[in-house]
There are 2 protein chains.
Amino acid sequence: MDDRTALWNDLAAQIAVDSIRATTAANSGHPTSSMSCAHLLAVLFADHLRTDVKDPKAPANDRFVLSKGHAAPALYAALKAIGALDDEQLLSLRSFGSPVEGHPAPLEAMPSVDVATGSLGQGLAIGVGLAMGMRMDGAPGTAWVVLGDSEMAEGSVWEAMEAASFHGVANLVAILDLNRLGQRGPTMHGWDADVFVRRAEAFGWNAIALDGHDVTAIDAAYRQARTSGRPTMIVARTQKGHGVSFLADEGGWHGKPVPKDREDEAIRELGGVRDIRITPPSPEGFTPPEPADPRGEEAPAYADAIATRKAFGEALAWLVGERADVVVLDGEVGNSTYTEDAQKVAPDRFVQLYIAEQCMTGVASGLQAYRKVPFAATFGAFWTRAYDQIRMGAISRANLRLCGSHAGVSIGEDGPSQMAVEDLAAFRAINGTTVLYPADGNCTVALTRAMADLDGISYLRTTREATPPLYAADEAFPVGGSKRVADGDDVTLIGAGVTLHQCLEARDALATDGITARVLDCYSVKPIDAQAVRDALDETGAIVVAEDHRVEGGLGDAVLDALAATGALGGRVRKLGVREIPGSGTAAELRRWAGIDAEAIATAARDVVRAG
Amino acid sequence: MDDRTALWNDLAAQIAVDSIRATTAANSGHPTSSMSCAHLLAVLFADHLRTDVKDPKAPANDRFVLSKGHAAPALYAALKAIGALDDEQLLSLRSFGSPVEGHPAPLEAMPSVDVATGSLGQGLAIGVGLAMGMRMDGAPGTAWVVLGDSEMAEGSVWEAMEAASFHGVANLVAILDLNRLGQRGPTMHGWDADVFVRRAEAFGWNAIALDGHDVTAIDAAYRQARTSGRPTMIVARTQKGHGVSFLADEGGWHGKPVPKDREDEAIRELGGVRDIRITPPSPEGFTPPEPADPRGEEAPAYADAIATRKAFGEALAWLVGERADVVVLDGEVGNSTYTEDAQKVAPDRFVQLYIAEQCMTGVASGLQAYRKVPFAATFGAFWTRAYDQIRMGAISRANLRLCGSHAGVSIGEDGPSQMAVEDLAAFRAINGTTVLYPADGNCTVALTRAMADLDGISYLRTTREATPPLYAADEAFPVGGSKRVADGDDVTLIGAGVTLHQCLEARDALATDGITARVLDCYSVKPIDAQAVRDALDETGAIVVAEDHRVEGGLGDAVLDALAATGALGGRVRKLGVREIPGSGTAAELRRWAGIDAEAIATAARDVVRAG
């Protein structure tokens, strides 16, 4: 055994020991799932993960994603070994206020972690995004992703497998920790590494099977992986709880710390507590390219009717010409969302991910963790497919710009499967989101521009059909604002997107009854303009809010919340929205059916005025 | 060419012609994607799909799922050929009020359709569920699923591939319509059928590649598929728009009808309008087994503290003993959700789907379409992974019983990736859902029992930690009801699940200030007990509502909506909920951090009372 082999084995034992120490101190967590990947991490962090420990975000660095996030103790132990954490921090695992959380999260005090993991099956797509970002910049780095065997049942993993090989993402290495035991018993394929080798190869990957506790084999595989010219999956047969006789390959230990009274015994079997410090290999010298100069063109401006989805596409096409960091992702609907306009301007910063919304979201999270400003678009309805990835994106503190087209029943004939009627509720409920819903072309351009600089997850909801212009091209649309598009004393009509136009039409109908209506454009659904909503109730005494979205969780609930939050409950509020499953029909038929068209709004407004 | 071959080809031409006629009449829809699978459907409906046209739900029947739902015109044309639709209905495609929707939906007037499709990648898991349901009953049927090539990028397809082979679902045939052209251009793999053969084989399937317009080859493959003893994928190379020179394999025709002025030309190329009527093969004689007698045991009852997740598991274990139609699905967390209790009672009606929530939901939709009453459980946070399948389940009018455990920040140390804090918002926004959130063991038992008989999608939210008993075992908990668990005059505290207990504690603290509080248990979050909420505001003048869930879209918004809906806005409402991303910590620390613990509730209550 040469010196390096001895070091790797010692370091692996230290990672196992520290995983036990941290979880026993926390009295919860996953020591055995950490121990199965201890050798894989030891060799990686000691000799392959090229990173500047003092500057974990340096553009030349490799990046590491622990997709099996519950093995966080192993990662923290590896970070301790490279000097990114100290022992006291390690032992604060899972304590309130500690950045050493139960699953990794990219907190300010945890700069070596790029994204949150813990919802299984999400890390590989993020790795694809990191690797693509590096490649776009010509950076020398590799993205390394450690996966668990249970998460291979998640389809999201196979979306990422497909995307990586299709796009030839050679600077990506997946390390599959095949420890045979899931949360409640054996996995489907146990130690049958060949199953995964065959699948990986069928998905266009290079694949290597090995003993995941054989450091020499691991080292050789890592070397081969980096030079194979293809994405590589290393399928490593391992033991959960490896190195401790009463834990190794034993059932019943998932997610359980070693009891305090057996901790010494376990640590003794691993050779005791060590304090090995290592320095990972240095990244190659690399300076990111100078960003291309902005083309300096005028942003699109509209004097005529246009679909907001088309205005989004044109605004994005303009934006990619102005900003070299913007990347555009499509889920094979670029001719519907109009991201194809941006593809024409910057094909090298356009990524076609086909119909794989989970992968698209993961790739976006990876790209934004590597210096990029990703925009991704699909039908609003199909963002529901990636809701867990969006949820995790928020926990990743990721800056994602998402656009959902074809909102609401107004899409017409295609029917309910294509209609986004839950998207506002879903996005509103995610932490730190901005939810935007423009009603005309110029507003769409302004909001698309604003999204490029927004933190967190921003969501732009666009409409299939053309809507007439309401605003001048130089109008400002601050996030959290609203627009009073018509004045009136007796009632306020609140709409956004397509229903704003319905409100304006309703206002005309009301005028013939001698009722004057204020009309408010809540283009910023979250944050909502609470002051404007409260003023509307104070000054007009009644509100009708109409949205092309389920009645739960969307604009109507945002309005009620604004009233509750500002203590202004003291008027009459009525919500209109979709309350049943839509069928097929024209947009007008379906709006009527749903009770959100001009006639229904006018009827509701008469009703609340008379009740006042 | 023998007679049968001629018939199949003629029938295929009729399906193509009728697809053109219907979409041209509708002036929208997908004729070319219908034409690519015309021969595949012709041979299937004429000679392989054993079904009683007059009784499409007969237990002996085969079942058919059109996963590529946009090819609905081809399905409707096939249904016309077997006499399940007439020509007038066919030509009502996409009209308002017609059951012949843009994508298939299982409406009352469309009994041959079992589930809604149109969000790609979902049909195969549903087919797995149908096939499993048949197998559980010993029925002779086969589930046939037609897939498009673009949807093979969706990970959900690969989850179903894995589940089908792992569970040896031999009565399942997937027919992949490899027409090379997606919505916006070529697919990833074009006509490379071998790619999909290799992948299918690597996932444990039998696979056959063929020319999808060669009816003899199709017939032979269908025969082989049924006797292979394994799930079989038929990879059929086809042409989009086959049979019409200006459509066949041409780009730019996705989702576009043939213009009126070219309709005749297209139909002429296909040999003109036909009116072939066929009778599909009859199903084998089969009588479903008599359901096993109920065991006649007493439902669980609790006098001590118990976690509602455990009470759910015990109630479900009892239920599977009483009802032979109940099937339980697990996403490899059965020892956390306690579905493992049911597995012990009825292992033959327990399906382990591993960590594949999308597949689990699809299988549940398939099972309920075949005489079963499925319950499925995972962590509440991970239902976000299947949100699109749940959305489509509602459009399928599916009766799904879903349980989400580990709700809210109260799970403690595992951190935000494992915490369900958006689930109430997500489920509330889905059409026709029932959202339930019990606070003690006996309420959990009652609600679990109720779910078995509920239509639509019902969601039960359970808590990780034990909560003390509040109710007697014989207490009734009607859906849409609430419980006044304490009386008081000055304010009403509304909670559900874990926060109800916090409200009770807050009430004690308020009493020392001379403030008396009513406490309301809104165990039925949707529908909410609007009358009780309004009475609370009327009678006590102020409400504090606390939930262990994001402040958007959950219980608080349900309460505001109840007030708005009943016209009772005239008091002061304050909402408490999670407003930031939680970190790790104990349950108590995190409730305090989120401002939803007893102290925070008491503080808010003092505040609103003083403001009154």
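Numerical summary
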read-out	value
Rotation relating A and B, chain B residue nearest the axis via C-beta, angstrom	B:G155, 1
Cα-based shape type of chain B, given that a ≥ b ≥ c are square roots of the gyration tensor eigenvalues and the cut on a/c is 1.5	prolate
Cα lying deepest toward the dipole's positive end in chain B, options B:A22, B:L555, B:V525, charges on Cβ	B:A22
Segment B:335-388: C-alpha gyration tensor shape, a/c 1.5 cut-off, then a/b vs b/c	oblate
Inter-chain Cβ neighbour average for residues A:182-190, partner chain, 10 Å	5
Sequence-distant residues sharing a close amide H with A:V113 (under 5 Å, placed H)	none
Angle in degrees between helix A:3-26 and the longest Cα principal axis of chain A, rounded to the nearest 10	50
Projected-area average for segment A:166-209 over all orientations - Cα convex hull basis, square nanometres	3.6
10 Å Cβ neighbours from other chains, averaged over peptide B:198-206	4
For the protein assembly as shown, with +1 on Lys and Arg beta carbons and -1 on Asp and Glu, the positive-most of A:H189, B:P374, B:A511 along the dipole	A:H189
Test item: Cα-centred dipole of chain B, Lys/Arg +1 and Asp/Glu -1 on Cβ, debye	720
Probe 1.4 Å, accessible area per residue of segment B:115-268, Å²	29
Charge tally in the Cβ shell below 10 Å around B:M188, where Lys, Arg are +1 and Asp, Glu are -1, B:M188 excluded	-4
Tilt relative to chain A, helix A:155-166 - C-alpha long axis, 0 to 90 degrees, to 10	80
7 Å along Cα→Cβ, label-point gaps from B:E298 to other copies, nm, shortest first	8.2
Heavy-atom accessible area per residue - segment A:318-427, 1.4 Å, Å²	16
Cα→Cβ-extended label distance, 7 Å offset, between B:D194 and A:E539, nm	7.2
P(r), alpha carbons of the protein assembly as shown - 10 Å bins starting at zero, rounded %	2, 10, 18, 23, 22, 16, 7, 2, 0, 0
FRET efficiency, A:E297 to A:D453 (Cβ-Cβ, R0 30 Å, nearest 0.05)	0.95
Label-point separation in nm, B:D55 to A:K54, each point 7 Å along Cα→Cβ	8.1
Dipole in debye (nearest 20) - the protein assembly as shown, about Cα centre, beta carbon charges: Lys, Arg +1; Asp, Glu -1	400
Accessible area buried at the B-A interface, both sides summed, 1.4 Å probe (Å², nearest 100)	8200
Residue-averaged [θ]222 nm for chain A, counting only DSSP H segments that reach four residues, each worth -39500 (n - 2.57)	-11500 deg cm²/dmol
Teacher prompt: B:G83 distances to equivalent labels in other copies, 7 Å Cα→Cβ, nm	8.4
Dipole in debye (nearest 20) - segment B:263-318, about Cα centre, beta carbon charges: Lys, Arg +1; Asp, Glu -1	140
Copies compared at A:S228 - label distances in nm, ascending, label defined 7 Å from Cα in the Cβ direction	2.7
Chain A: angle of helix A:308-322 to the longest principal axis, Cα-based, in degrees nearest 10	50
Shape category assigned to segment B:91-152 from the gyration tensor of Cα positions, a/c cut at 1.5	oblate
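The values are calculated or read from the model by the stated rules, or taken from the named source; none is laboratory data. The structure presented is a predicted model; accordingly, all values stated were derived computationally and were not measured. Positions of Cβ are generated from backbone atoms using ideal geometry, with glycine treated the same way; all protein chains shown enter the neighbour counts. What goes into the accessible areas is simple: the full protein's heavy atoms, side chains included, and nothing from ligands, DNA or RNA. Shrake-Rupley method; radii C 1.70, N 1.55, O 1.52, S 1.80 Å.
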